[in-house]
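**Q** What follows is a single structure, and I will ask about it in a moment.
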Amino acid sequence: MYLNGINAERARAQDYKTMVGRFSRRKRDRFWEIDFLRGICVLLMVFDHFMYCLWDLMPEINEMLGTSLFADWRNLAIDYWLWGVRINVRVVVILTFFLLCGISCTLTRGNFKRFIPLALVAAGISAVTSIVNSFIPNTHVRFGVIHMLACGVFAYAVLDEAVSAVADVLGKGEKAQKIVRILRYFPALVGAGLLIFLFTECADLSFENGVIELIPLFPQVAGNAELNNFHSIFVYVQGYVDDFEQISADYFPLLPYAAVVLLGGGFGRLIYHTSAKYSFAPLDGAWNRGICTIGRHAAVIYVAHMVVIPVLLGLFALLTKLIL
């Protein structure tokens, strides 16, 4: 009877693994819901940038080429950009995207390798936009989302590696392993601590007229633009954020955003390092393939769309001039 019970348990476990494998349909152990949410975030970001281009970039293209493509859409784009719902949804999308980045950090031990291409891409973006800025003002990206994500992933890698070093010292005993499992939440605790510091010392949240807004409290250094620029990499500086955004077209300071990445590691540990990690596997299917594919290539699409959208708008405007 005892052996039969063991065999029955093994059979059930094997059936569950088979089910998970059937729903996964991938060689690597990916979780479709992460790719799906990331894909949704990227699509919304692309649409957001498209509407911004209709507002800010398209009039310049039309003036340069003597065309009027999407001229009637500019007011719609402005109304959309200033719409309270859009502002709040943008906050949710951004935080979701960065939390997912933190969750992904817990699914690999190669975060230093993930940091390197992000850092190279960030440097490339700054270099290229610096050149473009000489022709099109306010396009230079000094510290954008890719820069911040590179720093966030690097910070997670350093903190997680420190935990691994402690784990090596503690050894393989059962008690030691329990301590290590708790210590794996250390990056998330650092992220939570940084957010607490931010909202007690450097910023405040406002919710007026149904719109969420972060209010900078970090003081500006009078008459020292370079120092304010430096501080603005780490945190929003009071009365200076608009000036910095004129210097960096895409702007995401380390606080609060890199702290959100670290905090995402806590969700990754709670969900994807426990038995709950396959909870959404039965819902996987052909219905989500397109969006999941976008989510798996989120970084490439995000970087590419910043160039592709303006180029396509320019080409379409030129075609209308040639044809009409």
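**Q** Note the angle between two axes, namely the Cα long axis of helix 254-272 and the longest principal axis of the Cα atoms of the chain, as a number of degrees from 0 to 90, rounded to the nearest 10.
**A** That works out to roughly 30 degrees.
**Q** Arrange the residues 130, 164, 275, 68 by how much accessible surface each exposes, largest first, with a 1.4 angstrom probe.
**A** If we order 130, 164, 275, 68 from most to least accessible, we get 275, 68, 130, 164.
**Q** In degrees, nearest 10, range 0 to 90: what is the angle between the Cα axis of helix 32-52 and the longest Cα principal axis of the chain?
**A** Computed tilt is about 10 degrees.
**Q** For the chain, what does the relative contact order come out to in percent, with C-alpha contacts under 8 Å and a separation of six or more?
**A** In percent, rounded to a whole number, it is 31.
**Q** Which log10 I(q)/I(0) values, to two decimals, does the range 189-234 give at q = 0.15 Å⁻¹ under the Debye formula with one point per Cα?
**A** Those come out to -0.52, one per q.
**Q** What figure in square angstrom, to the nearest 10, would you give for the accessible area of residue 194 with a 1.4 Å probe?
**A** Approximately 60 Å² of residue 194 is accessible to the 1.4 Å probe.
**Q** Here is a further query. Net charge near residue 191: determine it from the other residues with C-beta under 13 Å of the C-beta of residue 191, scoring Lys and Arg +1 and Asp and Glu -1.
**A** Local charge sum for residue 191: 0.
**Q** Nearest 500 deg cm²/dmol is fine: what mean residue ellipticity at 222 nm does the chain get from its DSSP H runs of n ≥ 4 alone, each adding -39,500 (n - 2.57), divided by its residue count?
**A** Rounded to the nearest 500, the figure is -23000 deg cm²/dmol.
**Q** Would you please calculate the Kirkwood hydrodynamic radius of the range 266-305 over all C-alpha pairs and express it in Å, rounded to one decimal? Mind dumping the intermediate values first?
**A** Numbers: mean 1/r = 0.0823 Å⁻¹.
Result for the range 266-305, one decimal place: 12.2 Å.
**Q** Another question about this same structure. Angle between the Cα long axis of helix 84-105 and the longest principal axis of the chain, 0 to 90 degrees, nearest 10?
**A** 40 degrees
**Q** With every protein chain in place, what's the accessible area of residue 178 (1.4 Å probe, Å², nearest 10)?
**A** Estimated to the nearest 10 Å², residue 178 gives 110 Å².
**Q** So for the pair residue 234, residue 286, with labels modelled 7 Å out along Cα→Cβ, what separation do we get in nm?
**A** With each label placed 7 Å out from Cα toward Cβ, I get 5.4 nm.
**Q** Could you sort 200, 293 by accessible area so the largest value comes first, with the probe set to 1.4 Å?
**A** Output order, biggest surface exposure first: 200, 293.
**Q** How long are the semi-axes of the equivalent ellipsoid of the range 159-235, defined as square roots of 5 times the Cα gyration tensor eigenvalues? Whole Å, largest first.
**A** The answer is 39, 18, 8 Å, longest axis first.
**Q** Please calculate how many Å² of accessible area the chain carries per residue, with a 1.4 Å probe and no DNA, RNA or ligand atoms counted.
**A** On the way: 18720 Å² over 324 residues.
Heavy-atom SASA per residue in the chain reads 58 Å².
**Q** Once ligands and nucleic acids are excluded and a 1.4 Å probe is used, how much of residue 184 is accessible, expressed in Å² to the nearest 10?
**A** 40 Å²
**Q** Report the local net charge at residue 162: Lys and Arg +1, Asp and Glu -1, summed over other residues whose C-beta lies under 14 Å from its C-beta.
**A** -1
**Q** Heavy atoms only, probe 1.4 Å: what % of the accessible area of the chain goes to carbon and sulfur, would you let me know? Kindly include the intermediate steps, with their values, before the conclusion.
**A** Values: 12570 of 18720 Å².
Reported share for carbon and sulfur atoms: 67 percent.
**Q** At residue 323 and residue 225, where each label point lies 7 Å from the Cα along Cα→Cβ, what is the point-to-point distance in nanometres?
**A** Each label point is offset 7 Å from its Cα along the Cβ direction, giving 4.4 nm.
**Q** Considering the range 45-146, what Rg and Dmax in Å follow from its alpha-carbon atoms?
**A** Over the range 45-146's Cα set, Rg and Dmax evaluate to 17.5, 53 Å.
**Q** Also: Using only Cα atoms, what Kirkwood radius does the range 122-169 have, in angstroms?
**A** The Cα-based Kirkwood calculation yields 12.6 Å.
**Q** Evaluate the distance, in nm, between pseudo-label points positioned 7 Å from the Cα of residue 50 and of residue 273 along their respective Cα→Cβ axes.
**A** 3.9 nm
**Q** Per residue, how big is the convex hull around the C-alpha atoms of the range 172-213? Give it to me in cubic angstrom, could you?
**A** Value for the range 172-213: 82 Å³ per residue.
**Q** Now for a different question. With r as the distance between the Cβ atoms of residue 79 and residue 131 and R0 = 45 Å, compute the FRET efficiency 1/(1 + (r/R0)^6) and round to 0.05.
**A** Computed FRET efficiency for residue 131 and residue 79: 0.85.
**Q** Just for the Cα atoms in the chain, what are the lengths along the principal axes, largest first, rounded to whole Å?
**A** 85, 53, 40
**Q** Also: I'm a student and want to see the number: the projected area of the Cα convex hull of the range 169-324, averaged over all directions, in nm².
**A** It is 17.7 nm².
**Q** Give me the one-decimal Kirkwood hydrodynamic radius in Å for the range 251-324, with the sum taken over alpha-carbon pairs.
**A** Final number for the Kirkwood radius of the range 251-324 is 16.6 Å.
The values are calculated or read from the model by the stated rules, or taken from the named source; none is laboratory data. The structure displayed is predicted, hence computed values, not measured ones. Cβ: placed from backbone, ideal geometry, glycine included. Neighbour counts: every protein chain shown. For accessibility, only protein heavy atoms count, side chains too; no ligands or nucleic acids. Shrake-Rupley method; radii C 1.70, N 1.55, O 1.52, S 1.80 Å.
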